[in-house]
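A.B. asks: Quick one: the structure is below, questions incoming.
Derivation of every value follows stated rules applied to the coordinates shown; laboratory data play no part. What you see is a predicted model, and the numbers here were worked out from it, not measured in a lab. So basically every Cβ, Gly included, is an ideal-geometry build from the backbone, and we count neighbours across all protein chains shown.
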Amino acid sequence: MEYKIGIDVGGTFTDFLLTSEDRNPEIYKVLSTPDDPSVGLMNGLAEMAGAHGMDIGDFIKNVTTIVHGTTVTTNAVLTRKGARTGLLTTKGLRDALEMRRGIREEQYNNRYTNVEPLVPRYLRYPVEERLDYKGEVVSDLDTADLLDAAELFRKEGVEAIAICFMNSFADDRHESVAAGVMKEQFPDAYLTVSSVFLPSIRFYDRISTTVLNSYVGPILKRYLTSLIEKLDAVGFEGILLIMQSNGGVVSPQIAMDNAAVTLLSGPAAGPVAGIEYTSIQGYTDCITVDMGGTSFDAALIKDKTPLVTTEGEINRLRLSLPMLDIVTIGAGGGSIGWVDEGGLLRMGPQSAGSKPGPACYDLGGVLPTCTDADLLLGLLDKDFFAGGKIPLDYDRAVQAVKEKIADPLGMDPIEAAAGMYRVINVNMASGVREVSVKRGHDPREFPLVAAGGAGPVHACMIALELEIPVIMIPKESSIFCAAGMLMSDLKHNFVRTYSTRLNDIDAKKFKSIFLDMEREATKLLKSEHIPRDAIQHIYSLDLRYVKQYHEVNVRITRDEFEGADVSAIVDRFHPEHNRLFGYSLEEEGTPIELINLRLLSIGKTAKPKFVQEQYDGEDPLNAFKKRRKVYLPLAKTFEMVPVYDGHKLKFGNKVEGPAIIEQVNTTTFVTPEYTVLCDRYGSYTMFVKDREDEIKRKIGI
Amino acid sequence: MKIDKILVSVLQRRFKSITEEMSIVLTKTTRSPILCEAKDFVTGLYDGKGKMLEQTENLPILSFSLGPVCEYIVDYFGDEIYPGDVIFHNDVFSMGNQNNDVAVYKPIFFEDRLVAWAAAKGHQADVGGAVAGGYNPKATEVWQETLRIPPVKVYERGKLRKDVWDLIFANIRFEIVAADMRAQIGSCVVGERGILKLLEKYGLDVFETHKEYLYESTEKMMRAEIATIPNGTYRGEATVYYDGRTPGSKYKIRVTITVDDEEITFDYSDTDPQTDGFVNGTYTSSASATLLTFLQMVNPDIPHNDGMVRPVKILIPEGTILNARYPAATTFGNHLCPPNADAIIRALSRAIPERVTAGWNQLLCYLTSGYDTRKNDNYVDIGFLGLKGGSGGTKGVDGYDHIGMIDASGGVLDQDYEMFEQQTPHLLLQHEYWPDSAGAGEQRGGLGVETRFEIGGRNTKVVTFGDGDVEPAFGLFGGRDATLNRIELHYPDGTVYKTTTKDLVEDVPAGTVLFQQAGGGGGYGDPYLRDPARVAREVRNGIVSVERAEEEYGVVIDPETREVKQKETERMRAKRHV
């Protein structure tokens, strides 16, 4: 027996998905251990071993792969517990990191303060040196400055160092000398050199990203080192892989050297899972939404490729590495409802989290949350929340909703709860609009994949708000990201800036930059045991019209870069610009500028296989549990609605809305507008009536 | 009809998200850096009568004239507004705020009725007139500044009026302006689609009644905020220096603010008469300045719609420097926001001392243009990175470092340094916090910034506009004043020219270093009450000198260890308090 395990560490729970060739995937959840997340992880492995009647040593021998998503770097930035970091930068420009280009995000709020920089000013050491925009030397590097900096860093107990000089994307000569001196002076310090880590133009983006890497580097290194020791100690001999923000995985050694690639990796496995689940039914596009306790993540996938951005932020700090373009808003089961001064109802972004939690948890929370509203509306069963592990207190929920919402608005508590349900759905729908409409896509053309513990309770109403006709609830929806991790390939991004008008391109230079990156990538993937035939390279360019400020990323083929085929590249750019922004300047003959060359290298991994069920016919009677009163939002009334046991629904079973489908870790609310079909893998597809024939075809009935 | 209070929340959220979508279209598609980099534009939705439904205000100074112009347009065209019309407008004598800011309006029809408007306004790279870009310090009347565009239909019933379009763009220098105006039309189409979807879903009656309820609930919020200000009459004034024509000239802005329970009136009747140059405001640029300053003193979560402005009255007599009479030149008008804000802050500091800030750094901006010999092409560059001084401190919170003028409040970004060197022939030598530039205080002002770059290329012109080289940002309640603005040209032959605040310097040779200091913000409260540990930290970070720590804050720092000498500090602080 060979196992693969996906492990997603969340704020409250650590989720596990265990897969094997011939058995149904198994879901495990254990409490997270924030002080050292590897403890919770090992607890989970022990629980799994126990469930299989083995001790951990025997069990772990059968595990070939562990894919792990960690938020230790994210938390280090959010709680400011990263490494003490020193920065070497060009004299005259030492404050760029802290200035953040002079933005104040809340323009009318004079109490809104700037973010504390990760490196205080006295540890940002200005070095005499200067290159011009082409990388030619204007002032020589003064090595005496480097030694002075080293002395300061030593005195101040710096354990990580970042180096970022002006225009170093064009030439690394000064940075590499500085790096040499620092390595000599501090052989054990964690060092990030911008011309190695992110050799692309835009000084603030590069300096901020370089510093972030050094700031979290030692944290990730310590964590992974200790985790590997623990796994070694129980005899793990398989492969450990770490989730990255770009939706790919990476070996631990490479992750340690490039720690910032994990910074926004929390939700990054979701879209990967979305692709796998929807492609089973022949879709190439989808929107994924993941609603947990405090936040809601939305992502869009087009042609089996998630949208990617290089304009990410963490805690208002720029993180300029390619990452999945995921919109996160403060909406979850714990989101608190409140009435503003003008008497309008709002939901979130504050969340009661798991402590004190929603009022109905009866753990001390007195504020009305989304979960309380869901309970009042009959969408949740007070005796079957988390499979009955967490009993819900109906009266406490009523009291909280009444006091804080219903009374101030002059409504009854049910009306107020319905309002809360509606407002939070609208908030989530606008998160989906942001990732679709604002990026130039029509959400109605995408199936909506709803995941997370709270997602399936709200999926239909989000979809109705956006007029989305097809919704999918994956069988593993409650541990969506853990599932996605097992489906992820190894992925590495490379970038080099070559700033020139496209027509003036030096073919030799252009080609050699791509070949250099490709060599580096192949070497890296080889070190991760990926055979040559499992490697795929994707080449792209950042292009824009002369005098524009925003680039468009355009994918090109190997032949096109080898031949520096400008006319083919131009033919790709104009229509892409037109698609994104509704016009092109092809007819005007406006020249095009090249800014960056990018390479994405993928090492394909074997995907877990899921067991297929036999067709069981349409009748869901075997799964019928009972009927209960559930509030129907559009009719604005309660109705007796059938409740089904989701674990007993079989391939082909058909449930007409309104209905409730309960699983241990999630509840699906099917509104009257939708019908559900269970597919051969145990996932649910919900659809509006007139799509039935099409959906049946897709899931093979 | 019964009001569904939840639907009111839903509609408000949707209006906001539609104006944001309109704004993204402009960010991504415009080509003038003033628009796509600095985001000097606003988008908004208005009801059938032209009343504000919601706005996205990247640069707030532009935003509060969109509504008044919309009402003007409704009145001007009367029953001759049709589906498919597109209307341009920039005219400052029909409610426009600045004639470089050109707006597009698109009426939205539903069931054959005019129900709403979508609008987008942006600062155009050029709108004709005597000088490219519109800043003409020598102008004495509007025709020397830009082309006047009173409301004009460029599309009627969906059909382009080619003759009108050509007439307008025949009078504008740069081709990108037509492309950027097309982008603004695109933005309005996006707004129209969003509103129509809401109408299809909820129907006109529901839309109308719930919209009114939204106005009322917002008005209630605003009234509740005003009610927290003690009733009374509060006066404040500020000085505008140099009208661009007569060295040493000065003008006073005087405001009398009356708070009467839930209503507030800003009366500028005692303000000095208009200048004969271009340093003049228009009613809407000045009223925008008043509103945006006041909005920083109330709950920032109040939605921006007609209800918000109902309890606020703004009286600015025609013929004053804040509301110049036809046909005055007015291009500088937006930049009268900083002194206007100063007058308001001074007045309200007596009523709500815990909610005002000390004075903000005033705008002083340079613009370089010339010929880039590396690329054989012309360039224009506005010095966003150099102009951003500090904001004033407020109760419990220091001023914001390097934020820039109050009319943008941190909404305009610095150029990225490396992009700056790609797109201009200049070499950036320094861009750093200016130590000791902030006004000392229990809460210090925000830091200003020092910028130095070597000018390259040929035929270089340097234009300056702004203020703040005579009077620094002021301190409040014992807080100290900050530092002055300054721009100097250090020529290769060793001579130094200090520019005026409204200047045009031609034929600047390559190798000249432009040096700019943008001052800090004013301090708030007695600096002797500032926590010595914070002062020591700032000394260690090199943004406060050891000398200033002692002189201004009464904090004695050991220059070696950079630590506070407790005893000396106590003695020093005690001495002054006696």
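A.B. asks: Ratio of alpha-carbon Rg to the 2.2 N^0.38 Å globular estimate for chain A, to two decimals, please.
C.D. replies: This ratio for chain A stands at 1.00.
A.B. asks: Can you give the FRET efficiency to the nearest 0.05 for A:V366 and B:S545, using r as the Cβ-Cβ distance and R₀ = 51 Å?
C.D. replies: After rounding to 0.05, the efficiency reads 0.50.
A.B. asks: On a full-extension model of 0.36 nm per residue, what is the gain between A:V177 and A:K629, subtracting their alpha-carbon distance, rounded to one decimal in nm?
C.D. replies: Full-extension gain reported as 155.5 nm.
A.B. asks: Which residues in region B:23-47 have a backbone N closer than 13 Å to a point placed 7 Å from the Cα of A:K547 along the Cα-to-Cβ line?
C.D. replies: Zone members listed by number: B:30-36.
A.B. asks: So, by mean Cβ neighbours within 10 angstrom, what's the order for A:223-236, B:445-458 with the highest one leading?
C.D. replies: Most protected by this proxy first, the peptides run B:445-458, A:223-236.
A.B. asks: Can I ask one more? Please compute the average number of Cβ atoms from other chains found within 10 Å of each residue's Cβ in peptide A:87-95.
C.D. replies: Counting other chains' Cβ atoms within 10 Å and averaging over A:87-95 gives 4.
A.B. asks: Quantify how strongly other chains surround peptide A:125-133 by giving the mean number of their Cβ atoms within 10 Å of each of its Cβ atoms.
C.D. replies: Mean number of neighbouring Cβ atoms from other chains: 2.
A.B. asks: How large is the convex hull of the Cα atoms of chain B per residue, expressed in Å³ as a whole number?
C.D. replies: 161 Å³
A.B. asks: What net charge is computed for the residues neighbouring A:P672, neighbours being all others with C-beta under 11 Å from the C-beta of A:P672, Lys and Arg scored +1, Asp and Glu -1?
C.D. replies: Spelling it out: positives minus negatives among the neighbours equals -2.
A.B. asks: Using DSSP to define loop residues, name the GluC sites (Glu not before Pro) in region A:456-542 whose beta-carbon has at most 13 other beta-carbon atoms within 10 Å.
C.D. replies: The qualifying sites are A:E467.
A.B. asks: Write down Rg/Rh for region B:357-530, rounded to two decimals, with Rg from the C-alpha atoms and Rh from the Kirkwood relation over Cα pairs.
C.D. replies: That ratio equals 1.04.
A.B. asks: Which Rg and Dmax, in Å, describe the Cα atoms of region A:387-456?
C.D. replies: Here Rg and the maximum Cα pair distance are 16.5, 45 Å.
A.B. asks: Enumerate the whole-percent occupancy of each 5 Å bin, from 0 to the last occupied one, for all C-alpha pair distances of region B:532-577.
C.D. replies: All Cα pairs, binned at 5 Å, distribute as 5, 28, 38, 20, 7, 2 percent.
A.B. asks: Evaluate peptide B:208-217: per residue, the Cβ atoms of other protein chains within 10 Å of its Cβ; return the mean as an integer.
C.D. replies: 1
A.B. asks: How much length is gained on full extension from B:E263 to B:M572, taking 0.36 nm per residue of separation minus their Cα-Cα distance?
C.D. replies: Computed gain between B:E263 and B:M572 is 106.6 nm.
A.B. asks: Sticking with this one: Treat each spin label as a single point 7 Å out from the Cα along the C-beta direction, and report the B:T495 to A:E47 distance in nm.
C.D. replies: Each label point is offset 7 Å from its Cα along the Cβ direction, giving 8.1 nm.
A.B. asks: Take peptides B:92-100, A:299-307, B:371-379 and line them up by average Cβ neighbours within 10 Å, highest first, as a rough protection proxy.
C.D. replies: My ranking of the peptides, most packed first, is B:92-100, A:299-307, B:371-379.
A.B. asks: In whole angstrom, how far apart do the alpha carbon centroids of region A:507-548 and region A:135-197 sit?
C.D. replies: Their Cα centres are 27 Å away from one another.
A.B. asks: Checking a compactness column here: for region A:536-634, what do you get for Rg(Cα) / (2.2 N^0.38 Å), N being the number of residues?
C.D. replies: Compared with the compact-globule rule of thumb, region A:536-634 sits at 1.99.
A.B. asks: Turning to a different aspect of this structure: Report the Stokes-Einstein translational diffusion coefficient (µm² s⁻¹, integer) for region A:556-701, Rh taken as the Kirkwood radius over Cα pairs, at 25 °C with viscosity 0.890 mPa s.
C.D. replies: 123 µm²/s
A.B. asks: Going by average Cβ density within 10 Å per residue, which order do the peptides B:276-282, A:392-398, A:76-82 take, highest to lowest?
C.D. replies: Going by the mean number of other Cβ atoms within 10 Å, highest first, we get B:276-282, A:392-398, A:76-82.
A.B. asks: Treat the count of other C-beta atoms within 10 Å as a stand-in for reagent exposure and order A:Y28, A:Y190 from fewest to most.
C.D. replies: A:Y28, A:Y190
A.B. asks: Continuing with this model, one more query. When you have a sec, figure out the Kirkwood radius of region A:159-276 from all distinct Cα pair distances and drop it here in Å to one decimal?
C.D. replies: 15.6 Å
A.B. asks: How many lysine pairs does region A:79-219 hold where the Cα atoms are under 26 Å apart and the two sit 8 or more places apart or on different chains?
C.D. replies: For region A:79-219, qualifying lysine pairs total 6.
A.B. asks: Which ³J(HN,Hα) values, rounded to whole Hz and listed in residue order, are derived for region A:202-211 from phi using the Karplus coefficients 6.51, -1.76 and 1.60 in 6.51 cos²θ - 1.76 cosθ + 1.60 with θ = phi - 60°, glycine and proline given as x?
C.D. replies: Once rounded to whole Hz, the list reads 3, 4, 4, 4, 6, 5, 5, 5, 5, 5.
A.B. asks: Could you give the length gained on full extension between A:E156 and A:R23, defined as 0.36 nm per residue of separation minus the Cα-Cα distance, in nm?
C.D. replies: Taking 0.36 nm per residue and subtracting the Cα distance, the gain is 42.3 nm.
A.B. asks: Please report the base-10 log of the normalised intensity I(q)/I(0) for region A:490-603, using a Debye sum with one equal scatterer per alpha carbon and no solvent, at each q in 0.10, 0.20, 0.23 (1/Å).
C.D. replies: Rounded to two decimals, the profile gives -0.31, -1.02, -1.25.
A.B. asks: Report the per residue volume, in Å³, of the convex hull enclosing the C-alpha atoms of region B:5-219.
C.D. replies: 114 Å³
A.B. asks: Taking 20 °C and 1.002 mPa s as the conditions, I'd like the Stokes-Einstein D for region B:91-152 in µm²/s, using the Kirkwood hydrodynamic radius from alpha carbon pairs.
C.D. replies: Using the Kirkwood radius from Cα pairs, D works out to 165 µm²/s.
A.B. asks: Pull up the cross-link candidates among the lysines for B:K313, meaning alpha carbon to alpha carbon under 30 Å and not fewer than 8 places away within one chain.
C.D. replies: B:K5, B:K16, B:K39, B:K49, B:K51, B:K106, B:K121, B:K211, B:K220, B:K250, B:K252, B:K395
A.B. asks: Tell me the label-point distance for the pair A:E656, A:Q536, using the 7 Å Cα-to-Cβ offset, in nm and rounded to one decimal.
C.D. replies: 4.3 nm
A.B. asks: Using label points projected 7 Å from each Cα along Cα→Cβ, tell me how many nm separate A:D55 and B:N378, to one decimal.
C.D. replies: Here the modelled spin labels are 8.4 nm apart.
A.B. asks: Now for a separate question. In units of 2.2 N^0.38 Å, what is the alpha-carbon radius of gyration of the protein assembly as shown?
C.D. replies: Scaled against compact globular proteins, the figure is 0.94.
A.B. asks: How much of the calculated P(r) for region A:41-123 lies past 18 Å, in percent of all Cα pairs?
C.D. replies: Of the Cα pairs, 66 percent sit more than 18 Å apart.
A.B. asks: A further question follows. With just the Cα atoms of region A:209-344, tell me how far they stretch along each of the three principal axes, in Å, largest first.
C.D. replies: Principal-axis extents of the Cα atoms in region A:209-344, largest first: 58, 43, 31 Å.
A.B. asks: Now for a different question. Report the Cα-based extents of region A:1-151 along its three principal axes, largest first, to the nearest Å.
C.D. replies: Rounded to whole Å, the extents work out to 68, 43, 32 Å.
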